[in-house]
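S.K.: Before we start, here is the structure in question, set down as structure tokens.
The values are calculated or read from the model by the stated rules, or taken from the named source; none is laboratory data. Bear in mind the structure is a predicted one, so any value in this text is a computation, not a measurement. Cβ: placed from backbone, ideal geometry, glycine included. Neighbour counts: every protein chain shown.
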Amino acid sequence: MAIRWYKRLFLKIFVTVWLTSFLVIALTAFVIGHLSEQQRDRDVFSARVLGQAELLIDRYERDGHLPSRKEWRRFHDDHHEEPRFFPSRVQITELNTGQVIFGHDDVRKYRNPMVFTVISDTSRKYQVVAETRTRPDLGAKLFGFFLSVQVVLLMVVAAIAALLISLMVVRPVNRLRQYTRDLYNGDLSARTDDGLSRRGDEIGELSREFNRMAEYVEKTLQSNTHLLQDVSHELRAPLARLQMAAGLAGQKIPEADQQYIERINQECDRINRLIDEILSLSRLEQMDVSDERFELKKVINTLVEDFRFSAPHHPVHWTPVAYRIKGNPALLERALNNILGNAVKHTPAGTEITISAERVAGKVLIRVADTGPGLSPEQLDKMFKPFVRFTGQQNGYGLGLSIAQRAVQILGGTLTASSEAGKGLQLLLSFPKA
């Protein structure tokens, strides 16, 4: 089953790392910048308030009268002070006498007050209390920050870091997946490359575990194949003796009891056919793959003629094409022979069988379709497994399509099936173009 793009591990890792790193770096930069700017504004505000207060105190001591609010505002306008660096309310008090020389508001109502002590040139002490300006809206400042060039650079850097981390994790996982797929498709020699198996991290350990598993699977399947071959060969001799004994017994028993002898012979024939199929399945692994290129039409033409003769009640339609594939033609003949035989066995008389071939995206595709009852999705999932027969199917032993699939895999191709109940079965053989 194909993985949807939004569920892929690469995308999940990339988005998670990218968003996390970007948000952490961006928010850290914003907070540090905000705090440094706030401290800078506070220092500038303090310096300017002290400077203005010293000028007013000096004027008060020189002229002997209190400056008015208009003079304070005019002083601000003359010096073009920025609003955030000019206090909205200020109070100056002479500490020796307690007299307020400027501002008469209650300092307890000041927002974010700042208190300074000023010593004039005459050594008189004054206390200056100034109300700081309210800070601009933090949300607006944050919004402006995220639209700045710095944020774009942060996004690019975070994306590069996320891409590198994602590739470090996903690429070896994809390579392991390919080796697993090769093992599933019948390549029992599939092992991970040295680059994966020599890694010292968890992925390297996983690749080494995969190699151990693949070696165990290869040995187990090979031993099972040898066991099937040995058992099949060992069954030949007692089966032949059983058939010979049945023949001799048939000559001595009355004709009325011959039905039992015929039944024994019939069961012996079934066992003999089963042994032949088991041996055919095991011999596939020993067949020469070959690198020769052969024409499809020569192999398919011969098979079509054979089935038109042996199964005339099943019309076979085939349009020859001049395509070539690489490998042993006997393997393709074995696969198509089993596929056509399966179609003849499990479809009613009169069912048409169509064989077609085409080239698509550098591959040669062979389709074998019938117009029989078809199979359900559950049956499609099991049809290539050895010894699987569906309810109502008494012909064969469930090895024909398994042999066909294995022969196609040895040729470097794939065999898949599709069907809708009541609309027939279609088998697709896909091979690399020679």
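S.K.: How many of the residues making up the stretch 170-194 are among the hydrophobic types (A, V, I, L, M, F, W, C) and closer than 25 Å to A407 by Cβ?
M.R.: So the answer is 3.
S.K.: Do any residues in the stretch 232-254 that are more than 22 Å from D276 (Cα to Cα) have Cβ atoms under 6 Å from those of residues that are in a helix (DSSP H, G or I), where the two are at least six apart or on different chains, and which pairs are they?
M.R.: Short answer, once both residue conditions are applied: G250/I261.
S.K.: Where residues in the stretch 170-187 are among the hydrophobic types (A, V, I, L, M, F, W, C) and surrounded by 15 or more Cβ atoms within 10 Å (Cβ to Cβ), which of them is modelled with the highest pLDDT?
M.R.: L176
S.K.: While we're on this one: Please state which one of E305, E358 is of a type in the set (D, E) and more than 41 Å from the chain's Cα centre (by Cα).
M.R.: So the residue among E305, E358 that is of a type in the set (D, E) and more than 41 Å from the chain's Cα centre (by Cα) is E305.
S.K.: For the stretch 315-331, give me each residue that is modelled with pLDDT of 90 or more and surrounded by 19 or more Cβ atoms within 10 Å (Cβ to Cβ).
M.R.: V316, W318
S.K.: Which condition number does V231 fail, the rest of (1) at pLDDT 85 or above; (2) out of contact with any Gly (no Cβ under 7 Å at 6 or more places or on another chain) being met?
M.R.: It is condition (1) that V231 fails.
S.K.: Whether any residue in the stretch 35-43 is modelled with pLDDT of 80 or more, among the acidic types (D, E) and under 30 Å from R124 (Cα atoms) is what I want to check.
M.R.: Yes, the conditions are met somewhere in the stretch 35-43.
S.K.: Within the stretch 22-42, which residues are within 37 Å of the chain's Cα centre (by Cα) and of a type in the set (S, T, N, Q)?
M.R.: Scanning the stretch 22-42 gives a single hit, T28.
S.K.: Name, by its number, the condition in (1) at pLDDT 80 or above; (2) farther than 30 Å from R367 by Cα; (3) exposed (fewer than 14 other Cβ atoms within 10 Å of the Cβ) that does not hold for N265.
M.R.: (3)
S.K.: Moving on. Could you grab the pairs with beta carbons closer than 7 Å, sequence gap of 6+ or different chains, first residue in the stretch 164-180 and in contact (Cβ under 8 Å) with a residue 12 or more places away in the chain, second one in a helix (DSSP H, G or I) and loosely packed, with under 15 Cβ neighbours inside 10 Å?
M.R.: Taking only residues 6 or more apart or on different chains, the pairs are V170/L9; V173/L9.
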